[in-house]
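Nothing in this text is a laboratory measurement; each read-out follows from the coordinates by a stated rule. Here the structure is a predicted model, which means the values were calculated and not measured. For neighbour counting, all protein chains shown are included, and Cβ atoms are generated from backbone atoms with ideal geometry for every residue, glycine included.
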Amino acid sequence: MSKWFCNSKKNANTQTSNTTSTSSVPSSLAYDLDKLNITEERLKRYADEANILSSDTSNKTLVANTENDLKSKTRFIREKAVSKALNNIKNSMKVDLCFVLDCTSSMKPHIAAVKDCISHVTKYIIHTNPSIKFRVGLCGYRDHNNNSGRLLIFDFTDQHEQFIQYMHNNVKPVSSLYNDSPEDVLGGLNAAITQMDWQNGTQVLLHIGDNPPHGRRFTTLRDNYPDGDPNGLTAESVLNMMKSRNILYFFGKIKSNTDKMLEIFRSIIGEFPVFDLVGGDPIKLIEKFIKATSSSITYALSLTSTIGSNSNNSKDIYSLQQKKLDLNPNKPNWDTLPLQKGVVMWYLIPDTLNELKNPNYFNKPKLFSESFSFKIAQQPFSAGVEKCAHFALDIKSSTIPFTPFIFRQQTKEMVIKEYIHVGQNDPFEKYLEAVEISTVTYFLSEEFNWYAERKNIPKVNFLNVKLLRCGTIDLRTRYYTIEPKLQGEYKRFNSNTGVITELRPTLEAFVHFTYEYTEKYLVVCDLQGIELNDEFLLTDPAIHCVDTLRFGRTNFGEEGINQCFLANHRCNDICKKLKLRHIDNGLSENVTIKE
């Protein structure tokens, strides 16, 4: 692996010939470092963020006479904000799941799959995310000529057997009286939004159908209502009402007939997950439904509970989905982009747990830097709640042996990330914190892997994240984080709220390991990245820590450790192999899930 990936701590701390400590850096960087008070800037930012989380719009400036006074006041308002965020997370774990289902004759196998998947989903959720409680309901639709049978509504219930019984007794595929393809899609969605008793903190609408709504804007297929919905419904009116009620939309795709509909829906509400539900094999179809339904719940929770710390989360969620329409997923033509120069910075890896637990360790004397040449795509290819990501190239020039005036370039694919919101404080400090989090998780993964190698357990590695500082055309200083580009299918395995989106026993054991190894000081969570045969390569983790003045806004403190980890963790075979202490939270261990 290159130096950008996680090697041993010894190699990570080895300085190359062009690496310098902060005592020998470019003059502009030296000036920025000299004026930067990391502790003071961080405390001010934490106070500002806490006021936002607490919905305190008074824009108060924290007044303190000493650094200890500033710490005390910041800790107080931050812990108050964390308690509110955790309460929002607790509420978000209560889920309303509504199937909006095309109940015409072509949907027979998919109607059967819905009937059979709910009991499996219930068992899966109980085993992976015991804190989640969900109600399930149905809004079935056919077409306008089906008269009284046009809509079928079964309101939300937490008695899942009642739902299954209703599906078996009442939901039958019915042929349309007229020979056209479109169905009353907008009527079905509208009824689900307006006639169902939505109550819970997370609201999921899983729409499954093989044909579009009526109207020429949606289809060129034969249509008895080419001018659109005969009751006057429009996609804009229905979907905007859904947005205003904070209902999250998911779609199960069966045919390409719905492609134009999906394009129009995206233009109104932004990106949303689409699941492949094509299939003739009943067993495989049920498996797809289980996956789609479970993923809808956990994905929605990862959104509502992450942004749930903000009281206006529906606006933020749909704003994020809209923002994804402006992304460019394609790599740029690198020949057309200018070569840029900057400096990358990183912290020396701690040698001991005591150093890791000491917040004063991560300060200027432990920073190292080297010059860096790169190219960056103008548009981001991905965006999350906190950061957007750009394709980039690490470019190194070297002379060809025996021809000192001829240079060759070596390039490496990278990803450059930028915070979407940095506030009014010095962004330098916030990016240094991101590197600190990366350094801490690097240290802990090295300790975990020492045991994993001896127990034949897959390794857990984190990308080597560095801070990039560079100038721009308008002479402004910009900051980013930079890391290697992962080659593989990117997955989010769990979140900082305790929600498991893709269950991997090794990763859940790693979270447990970080808690025990650090003597209950912290847990590493929000694990995301790629899965290889014998290891995981991860990036952008979060840390819950008993010290609420470390690790950023995703740190929910000791309360977060208790609510998001200890209350949910189910010890598995990997925990036993590592001889980790059993976490007694009343959850049974009789579930076996392979990596």
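Separation of region 331-368 from region 408-443 is 7 Å, based on Cα centroids.
With the highest mean first, a sort of the peptides 136-143, 110-117 on other beta-carbon atoms found within 10 angstrom per residue produces 136-143, 110-117. You can think of it this way: the chain between ILE283 and LYS412 has 42.1 nm of extra reach, that is 0.36 nm per residue less the Cα-Cα gap.
Considering all different alpha carbon pairs of region 83-168, the Kirkwood hydrodynamic radius works out to 14.4 Å.
To the nearest 0.05, how large is the calculated FRET efficiency for ASN363 and GLN424 if R₀ is 35 Å and r is the Cβ-Cβ distance? Working shown, then result.
Details: r = 23 Å, r/R0 = 0.65.
About 0.95, to the nearest 0.05.
Please report how far the C-alpha centroid of region 269-289 lies from that of region 142-198, rounded to the nearest whole angstrom. The distance from the Cα centre of region 269-289 to that of region 142-198 comes to 19 Å. Given the choices [x] 132, 65, 51; [y] 81, 59, 54; [z] 163, 93, 43, Cα extents along the principal axes in Å derived from the coordinates of this structure is entry [y]. What distance in nm separates the two pseudo spin-label positions at ARG216 and ASP197, each 7 Å out from Cα along the beta-carbon direction? It works out to 4.4 nm between the two label points.
Roughly how big is the chain's charge dipole about its Cα centre, with Cβ charges of +1 (Lys, Arg) and -1 (Asp, Glu), in debye to the nearest 20?
On the way: 71 positive and 68 negative charges, 134 e Å.
Computed about the Cα centre, the dipole is about 640 debye.
If R0 is 35 Å, what FRET efficiency do you get for ASP573 and THR336 from their C-beta distance, rounded to 0.05?
On the way: r = 52 Å, r/R0 = 1.49.
It comes to 0.10.
With respect to the chain, whose longest principal axis is taken over its alpha-carbon atoms, helix 313-323 is tilted by about 80°.
Distance between the pseudo-spin-label points of ILE530 and ARG266 (7 Å out from Cα toward the beta carbon): 2.3 nm. Full extension of the chain between LEU33 and ASP69 gives 10.6 nm of extra length, using 0.36 nm per residue less the Cα-Cα distance.
Starting from the Cα gyration tensor of region 176-302, take the square roots of the eigenvalues, sort them a ≥ b ≥ c, and report rounded, prolate or oblate (rounded when a/c is under 1.5, otherwise prolate if a/b is larger than b/c, else oblate). Let's see the in-between values first.
Details: a/c = 1.88, a/b = 1.18, b/c = 1.60.
Oblate shape, in that a/c is at least 1.5 and b/c is the bigger or equal ratio.
Which of rounded, prolate or oblate describes region 93-324 when judged by the alpha-carbon gyration tensor and an a/c cut-off of 1.5? Here region 93-324 falls in the oblate category. Note on the chain: dipole from Cβ charges, positive end direction compared against TYR521, SER181, TYR318; the farthest Cα belongs to TYR521.
Let me know the charge dipole size of region 93-324 about its Cα centre in debye, to the nearest 20, where only the beta-carbon of Lys, Arg (+1) and Asp, Glu (-1) is charged.
Working: 24 positive and 23 negative charges, 86 e Å.
About 420 debye.
Positive-end ranking of VAL238, ILE264, ILE290 along the dipole of region 93-324, with charges on Cβ about the Cα centre, is headed by ILE290.
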